[in-house]
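Here the structure comes first, spelled out in structure tokens, and everything after it is commentary.
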Amino acid sequence: MSTELTDAILAMDEDGALKIVKDRLDAGEAPEAVLDDARSAMTTLGDKFACEEVFIPELIMGGEIMKGIAAELKPRITAGEAAEKRGTIVLGTVHGDIHDIGKDVVVLMLDVNGYDVHDLGIDVSIEKFVAAIKELKPQVVGLSGLLTLAFDSMKATIAGIADAGLRDQVKIMIGGSPVDEQVCTYTGADGWGRDAAAALRLAAEWTGSAS
């Protein structure tokens, strides 16, 4: 794996990162390989945030760089084959939390990896999650939150999905930097992760699309 792209992203060099992406694609490199390097950089950035080595402005900038990279990669990935979507996924930041940086990166990664992703946004009510599940019939639901107060909202949302008689129809993942196995157990989710790589792994496992 080349570190040139990951180094540029971690250095917050947006122009440099986009030039590297374009040069690699123009040279005939597989867009999936470029995506892997970009994903690695975002995972490292998330780890640095968890360790307080970088802060919210860096996460925002990293997310903006990823949006630009995704815009370059997506047409090349989807143009290669008109394959069916690998699965349907509904995501949103739970009620009481308005953070969307990590969620947006997960949405981008799932999208370019072939999933039909429906982003409900931030501060999403239980009722909105339930309505989306009824309408879209996803295999996977993702609940995001950056604040510890989001844990109770995640638990309440999962309980609300169960009360609507939909719990056995979906797998539920939770994510965010403070989330861990204990929080997963508390909320009643099926799995958890702190970054897009974990979300992709769970989505592939639960939709039967793991390679």
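Below, the figures for the structure above:
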| quantity | calculated |
| --- | --- |
| All positions within segment 184-206 that are in contact with a Ser or Thr (Cβ under 9 Å, 6 or more places away or on another chain) and at pLDDT 95 or above | Thr187, Ala203 |
| Among residues of segment 197-211, those that are buried (at least 20 other Cβ atoms within 10 Å of the Cβ) and either touching a Lys or Arg at 6+ places or on another chain (Cβ under 6 Å) or farther than 21 Å from Gly114 by Cα (or both), counted | 0 |
| Those residues of segment 23-61 which are of a type in the set (Phe, Trp, Tyr) and outside any helix (DSSP H, G or I), in sequence order | Phe55 |
| Selection status of Ile69, among the β-branched types (Val, Ile, Thr) and loosely packed, with under 15 Cβ neighbours inside 10 Å | no |
| Members of segment 41-58 found to be closer than 10 Å to Leu10 by Cα and under 16 Å from the mean Cα position of the chain (by Cα), listed by number | Ala41, Met42, Thr44, Leu45 |
| Filter result (outside any loop (DSSP other than H, G, I, E, B) and not small (Gly, Ala, Ser)) within segment 1-10 | Glu4, Leu5, Thr6, Asp7, Ile9, Leu10 |
| Single match in Ser153, Ser209 (criterion: touching a residue at least 12 places away in the same chain (Cβ under 8 Å) and under 14 Å from Val124 (Cβ atoms)) | Ser153 |
| Filter result for the condition that a residue is in contact with a Gly (Cβ under 6 Å, 6 or more places away or on another chain) and modelled with pLDDT under 85, over Leu45, Leu59 | Leu45 |
| Any chance Asp37 is among the charged types (D, E, K, R) and open to solvent by less than 10 Å² (accessible area, probe 1.4 Å) | yes |
| Residues of segment 11-22 classified as free of Cβ contacts under 8 Å to residues at least 40 places away in the same chain, part of a helix (DSSP H, G or I) and open to solvent by 50 Å² or more (accessible area, probe 1.4 Å), total | 2 |
| Tabulated pairs, segment 25-38, first at pLDDT below 85, second not hydroxyl-bearing (Ser, Thr, Tyr), C-beta under 6 angstrom, 6+ apart or interchain | Leu35/Leu73 |
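The values are calculated or read from the model by the stated rules, or taken from the named source; none is laboratory data. Model, not experiment: these values are computed from the prediction. Glycine gets a Cβ as well: all are built from the backbone with ideal geometry, and neighbour counts include every protein chain shown. Calculation scope for accessible area: heavy atoms of the full protein, side chains included, ligands and nucleic acids excluded. Shrake-Rupley method; radii C 1.70, N 1.55, O 1.52, S 1.80 Å.
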